[in-house]
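See below for the structure under consideration.
Any read-out appearing in this document is the output of simple, stated calculations on the displayed coordinates, not a laboratory observation. All values derive from a computational prediction rather than experimental measurement. In this analysis, Cβ positions are derived from the backbone assuming ideal geometry, glycine residues included, and neighbour counts consider all displayed protein chains.
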Amino acid sequence: MLGVKGRMTQIFDDKGTVSAVTIITATPMKVTQVKTTEKDGYQAIQVGAGTRKEKNLSAQVKGHLKDIGAVRFIREVRTEESAERGATIDVSTFTEGDVVAVSAISKGKGFQGVVKRHGFKGGPRSHGQKNKERAPGSIGGGGRAGGRVVKGMRMAGRMGGDRITVKNLKVLKIDAATNTLMISGAVPGRPGTLVEIRG
């Protein structure tokens, strides 16, 4: 299921136990294409979710979505189950208590140093230390690496903006009227991020 991440809140169960939840708006998806082993070499379904103005689609996409309508997101999912083009998939595919995995693109944090990016300890805060508290320290040298930086060396750089999957989250509440799911815990990304929910 494709959805859009909303805000976080908390809900109480029958025993009064509180749970932190993320609200995800999952509007009904439409099957835009069915791929088969005979024709495409593998089995999958392509789904479209969300809405957008038709004038903003390219001619190729407009032809591809003929008779289905303009959708905002298109994703392909490999599955053994067959489906019909134009079929609708909604939140009723989940039931309360289902354990799901949620994938999304995490928040981008820009260029960060090694302390924030990799959890380095930093230098000591005493003994004449002046401006090297958050420095990475030695990165090896001629002896170990032949005078070059070893591949995979943890250094400062761009952080975030990666595809993250969080497993073992529970669907705690489903509201079919508003197409919303309440999923336990935090999911990657900022509010408004496209998320993929897999059972």
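Would you grab the residues whose amide H sits under 5 Å from the one on Gly160? Only those 5+ places off in sequence or on another chain, please, with H modelled 1.01 Å from N.
Distant-sequence amide H within range of Gly160: Lys109.
Find the relative contact order for region 29-89 and round it to a whole percent, using C-alpha pairs within less than 8 Å whose residues are 6+ positions apart.
Once divided by the residue count of region 29-89, the mean separation gives 46 percent.
Need one word for region 29-89: rounded, prolate or oblate. Basis is the Cα gyration tensor (sqrt eigenvalues a ≥ b ≥ c); a/c below 1.5 gives rounded, then a/b vs b/c decides.
Since a/c reaches 1.5 and a/b is larger than b/c, the shape of region 29-89 is classed as prolate.
According to a simple spin-label model (label point 7 Å from Cα along Cα-to-Cβ), what is the distance in nm between Arg190 and Phe12?
Result: 3.4 nm between the two label points.
Report ³J(HN,Hα) in whole Hz for each residue of region 75-92, in order, from the Karplus equation J = 6.51 cos²θ - 1.76 cosθ + 1.60 where θ = phi - 60°; Gly and Pro get x.
Result, rounded to whole Hz: 9, 10, 10, 6, 8, 7, 6, 8, 8, 9, 4, x, 5, 10, 10, 10, 5, 5.
Between Asp90 and Lys35, what FRET efficiency follows from the Cβ-Cβ distance if R0 is 22 Å, with the result rounded to 0.05? Numbers along the way, then the final one.
Numbers: r = 22 Å, r/R0 = 0.99.
Efficiency, rounded to the nearest 0.05: 0.50.
What full-extension length gain, to one decimal in nm, is calculated for Asp162 and Thr178 as 0.36 nm per residue of separation minus the Cα-Cα distance?
Details: separation 16, 0.36 × 16 = 5.76 nm, distance 2.96 nm.
Taking Asp162 through Thr178 to full extension adds about 2.8 nm, to one decimal.
Taking amide H positions as placed in the peptide plane 1.01 Å from N, state which residues far from Phe120 in sequence (5 or more) or on other chains have amide H under 5 Å from it.
Close amide H contacts, sequence-distant or interchain: Val115.
Are there GluC sites (Glu not before Pro) in region 12-106 that DSSP marks as loop and that have at most 11 other Cβ atoms within 10 Å, and which are they?
Glu80, Glu81, Glu84, Glu96
Tell me, Val187, Val31, Val99 in order of fewest to most beta-carbon neighbours within 10 Å? Walk me through the intermediate numbers first.
Working: Val187 24, Val31 18, Val99 11.
Ranking Val187, Val31, Val99 by Cβ neighbours within 10 Å, fewest first, gives Val99, Val31, Val187.
Which ³J(HN,Hα) values in Hz, rounded to whole numbers, follow from the phi angles of region 149-158 under the Karplus curve 6.51 cos²θ - 1.76 cosθ + 1.60, where θ = phi - 60° and Gly and Pro get x?
8, 5, 4, x, 4, 6, 9, 5, x, 5
Return Met1, Met155 ranked ascending by Cβ neighbour count within 10 Å, so the fewest neighbours appear first.
Placing the least packed residue first, the sequence is Met155, Met1.
What's the local net charge at Asn56, with K and R +1, D and E -1, over the other residues with C-beta under 13 Å away? Intermediate values should be presented prior to the final figure.
Working: positive: Arg52, Lys53, Lys55, Lys62, Arg72; negative: Glu54.
Surrounding charge for Asn56 is +4.
If you take the Cα Rg of the chain and divide it by 2.2 N^0.38 Å, with N the number of residues, what do you get?
Details: Rg = 23.1 Å, N = 199, 2.2 N^0.38 = 16.4 Å.
Rounded to two decimals, the normalised Rg is 1.41.
Treat the count of other C-beta atoms within 10 Å as a stand-in for reagent exposure and order His127, His64 from fewest to most.
The most exposed by this proxy come first: His127, His64.
Given the options Gly113, Gly137, Gly50, state which has the largest fluctuation in a GNM of the chain using a 10 Å cut-off (strictly under) for Cα springs.
Gly137
Show me, for region 183-198, the HN-Hα J-couplings you get by feeding each phi into the Karplus relation (A = 6.51, B = -1.76, C = 1.60, θ = phi - 60°), rounded to Hz, glycine and proline as x.
Per residue, the Karplus-derived 3J(HN,Hα) values read 10, 4, x, 9, 10, x, x, 8, x, x, 6, 6, 10, 10, 10, 10 Hz.
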